[in-house]
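**Student:** Right, I'll just put the structure down here and ask away after.
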Amino acid sequence: MTSDSDSDSDNDLIVVGGGPAGSTAATAVALRGHRVLLLERETFPRYQIGESLLPATVHGVCRLLGVADEVARAGFTLKRGGTLRWGRDPEPWQFSFAMTPRLPEPNATAFQVERSRFDEILLRNAERVGVEVREGSPVRRVLAEGERVRGVEYTDRDGNPRTAHARFVLDASGNTSRIHGRVGGARVYSDFFRNLAVFGYYAGGHRLPAPNSGNIFCAAFDAGWLWYIPLRDDLTSVGAVIAPEHYPAVQNDPRAAWQDMIKACPEVDRLLTDVPVATEPPYDRVRVRKDYSYWKTSLWSPGLALVGDAACFVDPVLSSGVHLATYGALLAARAVNSALDGSVAEERGFAEFEARYRQEYGVFYDFLIAFYDMERNEDSYFWSAKKITRVEVDEAAAFAELAGGAASGDTGLPATGGLGSRWSTAAAELEDAVGRLPAADDRANPLLTTRVVTDTFRTGNDLQEQALYGAPPDAPGAPSVPGRLAVAADGLSWLPA
């Protein structure tokens, strides 16, 4: 690692933020031989929420980055799918990641991870492939010439002001980003997913029966829903997602409110019988996050793109946060690599980045609206507000604009009035498929009969096949939507049209 100087001018890429999005983008560009500087305000390892991963991250992105084997050796809890007490059936039901014969176990699994360890693995891998990582270096603002971002101003670990310049800057600094506003367009906050999360940890906890003992368990109750994530034998992450109306009580005494929510959900409360709360830092605290569902109406401008939580976040129920972050970062890295090697023009490459990123956010948004609508607790204020019929017109219009021409390859802007019908159909199909799960065998997963499930997991499956085979076997190198750019065999750039 080289020493800081007052000004660095010969970087190809500056990445702001060293979490999964930042490490993914930095590594993917450095693997192509480009000079990358990564600036991280904290010093790793550091605490972060978002502990339940999807297979697309573990077996797709991590393999493309060359870090999958190290992640597999880290001893994280194996996750085969999810277990949920959700919908009409009072009994919990399971879903498995084994959704396609081309991706059997172990590729149809993921991990529950301590983010402090997982994120550091990704960051140190970035260093190994040539990324210059500077921790304790918060970025203060971007540097621009006219409309184009040319670099950043930051503070080094000794408190000295520094500047760094590059062809491109990626903002992966999270939901508290100080520079996302440089990309035109507002943050649109979702009223439908406008929730409050209060979460903490227990020093252990009972586990679900094998082979699903490592599954995330999500249980709906009157005030919202709870997650239960087995991180280690002696550590369990437990969080409540509730309406923002509970914020005064949570603000007054977060720990008491958290434990009251757990007691109000018998399925989770039973798993914590006689289990003490964690006292090991940083897991000894109860934390709160609110108003976390949003997207940016624009994701890039000349010289600058947004990835990870700087760009968007939808809802934690399907564990999509790290997937959307790393996938969006990979898309941005493809655009950077293609522009740097001159194979695809910057504007075309970043338009592809934005279209695919918006599409992926859109399919998860679709899925989650349908998923929330499945819960039939009509007497609950929280659940009565989570009905498709309660999606506000302004939000539906904003989502139609987000998805227009991007989600599912639509060629025109979907009519706002048609969204309610589409979401209602998806919810009915999903509810029917869940009802058929208990009678299904391993050869026919009813969830795969629904459009919303297949759409939601299609990109993840494609990422895994890209990492394993160089491209999805049935369409080597071909774009998934007509008019889209194809992807290089290593997954790190676009192919010229």
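The values are calculated or read from the model by the stated rules, or taken from the named source; none is laboratory data. Quick caveat: nothing in here was measured; it's all calculated off a predicted structure. A quick note on method: Cβ atoms are made from the backbone with ideal geometry, for glycine too, and the neighbour counts reach across all protein chains shown. Areas reflect the complete protein model, heavy atoms only, side chains present, ligands, DNA and RNA absent. Shrake-Rupley method; radii C 1.70, N 1.55, O 1.52, S 1.80 Å.
**Student:** How much length, in nm to one decimal, is gained on full extension between residue 284 and residue 448, taken as 0.36 nm per residue of separation minus their Cα-Cα distance?
**Tutor:** Details: separation 164, 0.36 × 164 = 59.04 nm, distance 4.02 nm.
Taking residue 284 through residue 448 to full extension adds about 55.0 nm, to one decimal.
**Student:** Going by average Cβ density within 10 Å per residue, which order do the peptides 326-336, 119-129 take, highest to lowest? List each step's numbers first, then the result.
**Tutor:** On the way: 326-336: 29.7, 119-129: 19.9.
For the peptides 326-336, 119-129, the packing ranking is 326-336, 119-129.
**Student:** Quick one: work out the % antiparallel among DSSP beta bridges in the chain, nearest 5. Intermediate values should be presented prior to the final figure.
**Tutor:** Working: 52 of 73 bridges.
About 70 percent, rounded to the nearest 5.
**Student:** P(r) for region 126-183: what percent of alpha-carbon pairs falls in each 5 Å bin, starting at zero?
**Tutor:** Going from the shortest bin to the longest, the percentages are 4, 16, 26, 26, 20, 7, 1, 0.
**Student:** Shifting gears a bit: Going by average Cβ density within 10 Å per residue, which order do the peptides 45-52, 372-379, 457-464 take, highest to lowest? Walk me through the intermediate numbers first.
**Tutor:** On the way: 45-52: 18.5, 372-379: 16.5, 457-464: 21.6.
The most tightly packed comes first, giving 457-464, 45-52, 372-379.
**Student:** When Lys and Arg each count +1 and Asp and Glu each count -1, what net charge do the other residues less than 11 Å away from residue 213, Cβ to Cβ, add up to? List each step's numbers first, then the result.
**Tutor:** Working: positive: 79, 80, 207; negative: 233.
That sum, taken over residues with Cβ under 11 Å, equals +2.
**Student:** Principal axis extents for the chain, Cα atoms only, whole Å, descending order, please.
**Tutor:** Largest to smallest, the principal-axis extents are 60, 50, 43 Å.
**Student:** Would you mind checking the tilt of helix 451-469 against the longest principal axis of the Cα atoms of the chain, expressed as 0 to 90 degrees and rounded to 10?
**Tutor:** For 451-469 against the chain, the angle is about 50 degrees.
**Student:** Here's something else I'd like to know. Using the Karplus curve 6.51 cos²θ - 1.76 cosθ + 1.60 with θ = phi - 60°, work out ³J(HN,Hα) for each residue of region 111-122 in order, rounded to whole Hz, and write x for Gly and Pro.
**Tutor:** 9, 8, 10, 6, 4, 4, 7, 4, 5, 5, 4, 5
**Student:** In deg cm²/dmol, rounded to 500, what helix-only [θ] at 222 nm does the chain give when every DSSP H run of at least 4 residues adds -39500 (n - 2.57) and the total is split over its residues? Walk me through the numbers before you get to the answer.
**Tutor:** Values: 12 runs with 157 residues, N = 497.
Estimated from H runs of four or more residues: -10000 deg cm²/dmol.
**Student:** Sticking with this one: List the lysines whose Cα sits under 16 Å from the Cα of residue 290, skipping any in the same chain fewer than 8 residues away.
**Tutor:** none
**Student:** Ok, one more. What's the carbon and sulfur percent of the chain's accessible surface, probe 1.4 angstrom, rounded to a whole number? Intermediate values should be presented prior to the final figure.
**Tutor:** Working: 9480 of 19020 Å².
Carbon plus sulfur share of accessible area: 50 percent.
**Student:** If you don't mind, there's one more thing I want to ask. Keeping all protein chains in place, calculate the accessible area per residue for region 30-102 (probe 1.4 angstrom), answer in Å².
**Tutor:** Details: 2980 Å² over 73 residues.
Each residue of region 30-102 exposes 41 Å² on average to a 1.4 Å probe.
**Student:** Can you give me the long-range amide H partners of residue 304? Hydrogens built in the peptide plane at 1.01 Å from N, cutoff under 5 Å, separation of 5 or more residues or another chain.
**Tutor:** 149, 169
**Student:** Same structure, new question: Measure nothing but the geometry: give the 0 to 90° angle between the long axis through the Cα atoms of 321-340 and the longest principal axis through the Cα atoms of the chain, rounded to 10°.
**Tutor:** The angle comes out at about 20 degrees.
**Student:** From the square roots a ≥ b ≥ c of the eigenvalues of the alpha-carbon gyration tensor of region 263-305, which class results: rounded (a/c under 1.5), prolate (a/b over b/c), or oblate?
**Tutor:** Working: a/c = 4.76, a/b = 2.42, b/c = 1.97.
Note, shape of region 263-305 comes out prolate.
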